[in-house]
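Step one of this worksheet: look at the structure below.
The values are calculated or read from the model by the stated rules, or taken from the named source; none is laboratory data. Keep in mind that what you see is a predicted model, and the values were worked out from it rather than measured. In this analysis, Cβ positions are derived from the backbone assuming ideal geometry, glycine residues included, and neighbour counts consider all displayed protein chains. Heads up: the accessible areas ignore ligands, DNA and RNA and are worked out on the full protein's heavy atoms, side chains in. Shrake-Rupley method; radii C 1.70, N 1.55, O 1.52, S 1.80 Å.
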Amino acid sequence: MAEFTLHVRLDADRAETTDGDGLLSPYVEDHQTVALGSDRVEGARPGVVVPEPSSLEIDDIETFAEVYTGLRTEPAVHDISLWGPSSERFPVPVQHYALQQIQQPRLYEYHALGDTVTLVVADSEMAAEQVQREVPDAALGYSDAPF
């Protein structure tokens, strides 16, 4: 088990291949705390494919944030799940303006991902789901809309 896991799904129209090694292996090679994972995510949606391998196991928040930021800007990536069956910690990306909506902020660790988004890291899936309920849907993740 890893502290954090990332699971990617690819845009079928933009992905040159469904081989996840080309996309994920550079992160493994660049970071000692990153390994290819064995978890799989569902991808049974039109236009979305799940590469093989499709997940990374990451053992520290700094590297997790760097890998997540890098993958989310890859043109072939459709979406990224931030936890799975082997996760020990559960990050939720939240727009900075909505952080005050979290009712018990001391329960979480925070890691800024730039000027607009912070990872709110929970120690349980239930606590992460609580953050998702407390924060408005529009404030979860990244938004390209101006404020």
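Accessible area per residue was computed with a 1.4 Å probe on protein heavy atoms; R45 scores about 110 Å². Taken per residue, the accessible surface of the stretch 1-128 reaches 52 Å², heavy atoms only and a 1.4 Å probe. Multiplying each eigenvalue of the alpha-carbon gyration tensor of the chain by 5 and taking the square root yields semi-axes of 25, 18, 14 Å, largest first, rounded to whole angstroms.
Starting from the Cα gyration tensor of the stretch 1-41, take the square roots of the eigenvalues, sort them a ≥ b ≥ c, and report rounded, prolate or oblate (rounded when a/c is under 1.5, otherwise prolate if a/b is larger than b/c, else oblate). Oblate shape, in that a/c is at least 1.5 and b/c is the bigger or equal ratio. Please report, in debye to the nearest 20, how large the charge dipole of the stretch 1-135 is about its Cα centre when each Lys and Arg carries +1 at its beta carbon and each Asp and Glu carries -1 there. Dipole of the stretch 1-135, to the nearest 20 debye: 520 debye. Comparing Cα centroids, the stretch 33-79 and the stretch 9-32 end up 8 angstrom apart. Rounded to the nearest 20, the Cβ-based charge dipole of the stretch 36-83 about its Cα centre (Lys and Arg +1, Asp and Glu -1) stands at 320 debye.
Computed from point charges on the beta carbon alone (+1 for Lys and Arg, -1 for Asp and Glu), the dipole magnitude for the stretch 73-147 about its Cα centre is near 200 Debye.
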